[in-house]
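The structure under discussion appears below in the form of structure tokens.
Each value in this text was obtained by applying a stated rule to the coordinates, not by laboratory testing. No experiment lies behind these values; they were computed from the predicted model shown. Every residue, glycine as well, gets a Cβ built from its backbone with ideal geometry; the counts of neighbours run over all protein chains shown.
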Amino acid sequence: MHTTLRFVGVLGGALALVCGAAALVVGGRDTVIVGALVTFLAGVVAIVGTALAGARPGLAALLMIVAVLLAGSVAPGVIPALADTAVIFMAYLAGLGLLILGAIVGFRERKTAPTAALTGLQA
């Protein structure tokens, strides 16, 4: 399941990065520029969360849901800029959906991650 979490997180984060960059290119108004930068930041947060998925799936889930909240909070400013190109608009929606799915998978896996008590390691 960690492989699933990594795949979903990287794909969702990459889609957020691409859509953030596309909105920066297309955007003209201040709301689009700020939204594009926040969407780009959400992609970076999602990929960092994915990097932590093996050791800390709970933290990975938290970072992915933070990425969804970041990208979703600026959606009213970004969607009008991306709506002209259907492929990019669908990629934006798919990226948010994949990040939500990654957060759910990470949340479900948080109890299956090895802990110090189970591995015999002392802190």
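Rounded to the nearest 10 degrees, the angle from helix 86-109 to the longest Cα principal axis of the chain is 20 degrees.
Compared with the rule-of-thumb size 2.2 N^0.38 Å for a compact globular protein, the range 3-116 has a Cα radius of gyration ratio of 1.06. Only Lys, Arg, Asp and Glu carry charge here, each on its Cβ (+1 for the first two, -1 for the last two); on that basis the chain has a dipole of about 380 debye about its Cα centre. 3J(HN,Hα) along the range 48-65, derived from phi through the Karplus expression 6.51 cos²θ - 1.76 cosθ + 1.60 where θ = phi - 60°, amounts to 5, x, 5, 5, 8, 5, x, 8, 9, x, x, 5, 4, 5, 5, 5, 5, 6 Hz, with x in place of Gly and Pro.
Semi-axes of the equivalent ellipsoid of the range 48-104 are 25, 11, 7 Å, computed as sqrt(5λ) over the eigenvalues of the C-alpha gyration tensor in descending order.
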